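Input: a single structure, listed below in structure tokens.
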Amino acid sequence: FPEKALVAEEMGRRHADGTFTSDINKVLDDMAAKEFLKWLINTKVTQRDLLEAYQ
């Protein structure tokens, strides 16, 4: 039985680590998206820039 308890504890620890990592990645993704939107909003695009891009 002690062996099963150790296996269960290790699985629980891995699950907790995975959950933490997943949560951190969500936060980092949200931060990156907000930074991108901020950059996009603050980037001035002129009509000339658009015309050059499509020629």
Tell me which aspartates and glutamates have Cα within less than 17 Å of Lys44's Cα, excluding those fewer than 8 residues away on the same chain? Glu35, Glu52
Once phi is turned into θ = phi - 60°, what whole-Hz ³J(HN,Hα) does the Karplus curve with 6.51, -1.76 and 1.60 give for every residue of the range 34-47, x standing for Gly and Pro? 5, 5, 4, 4, 4, 5, 4, 5, 8, 8, 8, 10, 9, 5
Could you point to the residue in Gly12, Leu37, Ile24 farthest towards the positive end of the chain's charge dipole, with +1 and -1 charges on the Cβ of Lys/Arg and Asp/Glu respectively? Leu37
Excluding same-chain residues fewer than 8 positions from Lys34, which lysines have a Cα within less than 17 Å of its Cα? Lys26
Cα convex hull volume per residue for the range 2-53 (Å³): 60
What chymotrypsin sites (Phe, Trp or Tyr not before Pro) does the chain have in DSSP loop regions with at most 13 other beta carbons within 10 Å? Tyr54
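We did not get these values from a lab; they are worked out from the coordinates using the rules stated. Treat the numbers as computed from the prediction; the structure is a model and nothing was measured. Methodologically, a virtual Cβ is constructed for each residue, glycine included, from the backbone with ideal geometry; neighbour enumeration extends over all protein chains shown.
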